[in-house]
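Let me begin by presenting the structure, written as structure tokens, before commenting on it.
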Amino acid sequence: MLTAQVLYGLTACVIVALGLRGALLHASLLQRVVAINVMGAGVFMLLIAVAYRGPGLPPDPLPHALVLTGIVVAVSATALALALARRLHAEQDND
Amino acid sequence: MNTTNLLVFDGLLLFSIVGLAWASLATTDERRSVILFMAFGLVLAVAWGRLLAPDVALAEAAIGAGLSGALLLAAVRKQSPGSSHTHANPDRNYSESGAKVVLQWLVTLLCAALAGTLAWALLHALSSAPHDTLPRAISDNLVASGVSNPVTAVLLNFRAYDTLLELAVLLTAVLGIFSLGQTTPGYQPAGPVFDGLVRWLVPVLILTAGYLLWVGAHAPGGAFQAGATLAAAGVVLRLTGRSRIGLPDGFVLRIIMAAGVGVFLLVGLTLLLLGRPFLGYPPAWAGALILLIETAAMLSIAATLLLAFVGGQPQSTAVNAAANRQREENSRC
């Protein structure tokens with residue numbers, strides 16, 4: 001077990017929990033989107049920490065590819081969520 | 001760098017990551033929250049570099065911090081034209097009555113329990129011997145993949161299905177944005193300093209995108225990082241108040257949006273016709289096919305991200321006039 005893996009992995013767990021708490025408790029839709037992104041970053045960190053094999057050793061490329069896919073999916077989901085939020089605000093303003 | 005120095009560096013890095021995440025979520029000021037989130041993304045990119053994941057670091061800096069931040073900031077601007085600070089509606093905040101406080105504590109406890117469970121699972125997984133069957137399979141077959149960067153090999157050869165579906169997710173998201181409404185109003189014309197900077201920046205960004213696309217075969221980089229860089233060129237052009245930001249009109253735009261999925265599928269189906277498995281490239285052609293798919297994917301990704309920033313379908317003049325009429329009617333009501 002590597003110190004770096006444990007340190008970064010445990011921090012990732014804290015980030016996931018922080019993000020989930022923010023997503024559940026924030027009233028503003030935009031901040032909920034930010035919170036879900038923070039939670040996603042925690043998941044990415046968990047994967048990258050597990051992929052790390054120590055200094056001088058090549059890390060496992062499979063989780064890296066997963067995280068790259070995840071980052072792009074996260075940004076498209078964020079864009080769609082923001083467009084939905086914008087439409088929701090527009091509908092509320094019209095009422 | 002010796003071990004103690006590295007440990008101090010790790011500690012500082014992780015402290016700032018948790019601190020920025022906390023600060024970004026603790027405030028009720030949306031603009032502050034978004035800016036802290038962007039800082040969080042950039043520090044995170046440093047952490048990916050530290051954990052020897054340069055491909056992910058590039059993507060995080062360009063997409064996670066850069067474009068997500070631009071999208072979120074644009075959303076803050078739309079919600080509050082004129083005011084620089086948007087606070088959440090105070091009577092909807094969960095800090096008022098006793099019941100809300102109890103709920104807040106319950107949620108906090110639940111999240112702490114989740115963190116504990118995750119940590120336990122992680123330590124359990126790390127304490128067993130690492131499974132290196134997959135990494136070994138990747139390094140053994142890297143020669144046949146057509147590229148020498150293992151991350152690109154996984155993304156576009158060994159797990160090409162995942163990437164095909166990821167491009168489909170991007171296309172679906174942009175179609176959803178198209179169907180939700182019109183584009184957001186443009187920006188004021190920029191001052192001479194910013195405008196001059198952008199004149200230099202845009203060609204550099206386009207060149208960098210081309211470089212990242214090409215270099216992805218054997219070093220950190222690839223279609224995603226390149227697409228995000230190309231989209232960033234469009235974003236800075238829009239920020240200077242220009243109406244033309246490099247997006248083509250109508251039909252050509254639709255072709256570019258679908259190019260990533262389309263070329264990917266065409267390659268897969270052609271290989272099927274030639275009697276190979278779906279997306280099972282012949283080793284001699286793998287490098288060229290991956291570059292072809294990545295070029296199409298880069299254009300699609302750039303167009304998608306830029307359209308997401310613009311907030312909808314770019315309007316032709318007729319649609320523009322209709323939108324203006326509607327806006328006038330709305331303001332009259």
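The values are calculated or read from the model by the stated rules, or taken from the named source; none is laboratory data. Fair warning: this is a prediction, and the values are worked out from it, not measured in the lab. Positions of Cβ are backbone-derived with ideal geometry, glycine not excepted, and every protein chain shown enters the neighbour counts.
Against the test of being more than 14 Å from B:Ala173 (Cα to Cα) and either out of contact with any helix residue (DSSP H, G or I) (no Cβ under 6 Å at 6 or more places or on another chain) or more than 7 Å from chain B (Cβ to nearest Cβ) (or both), the options A:His64, A:His89 yield a single qualifying residue, A:His89. Those helices (runs of 4 or more DSSP H) of region B:129-217 in which at least 3 residues are under 21 Å from the mean Cα position of the chain (by Cα), considering only elements entirely within it, cover B:150-153, B:160-179, B:192-215. Scanning region B:142-189 for residues that are touching a helix residue (DSSP H, G or I) at 6+ places or on another chain (Cβ under 7 Å), free of Cβ contacts under 8 Å to residues at least 24 places away in the same chain and of a type outside the set (A, V, I, L, M, F, W, C) turns up B:Pro150, B:Arg159, B:Asp162, B:Glu166, B:Gly176. For first residues located in region B:66-84 and modelled with pLDDT under 65, partners that are in a helix (DSSP H, G or I) and lie 6+ apart or on another chain with Cβ distances below 9 Å form the pairs B:Ser80/B:Glu30; B:Ser80/B:Arg31; B:Ser84/B:Arg31. Considering region B:1-65, the qualifying helices (runs of 4 or more DSSP H), each wholly inside and each with 2 or more residues that are crowded, with 23+ Cβ neighbours inside 10 Å and in contact with an Asp or Glu (Cβ under 7 Å, 6 or more places away or on another chain), run over B:30-50. Filtering B:Val193, B:Val202 for residues that are farther than 17 Å from B:Ser300 by Cα, free of Cβ contacts under 8 Å to residues at least 24 places away in the same chain and among the hydrophobic types (A, V, I, L, M, F, W, C) leaves a single hit, B:Val193. Residue count for region A:25-44 under the criterion of being without any contact (Cβ under 8 Å) to a residue 12 or more places away in the chain, part of a helix (DSSP H, G or I) and over 15 Å from the mean Cα position of the chain (by Cα): the result is 1.
Taken together, the residues in region B:190-205 that are in contact with a helix residue (DSSP H, G or I) (Cβ under 7 Å, 6 or more places away or on another chain) and closer than 20 Å to B:Thr295 by Cβ amount to 2.
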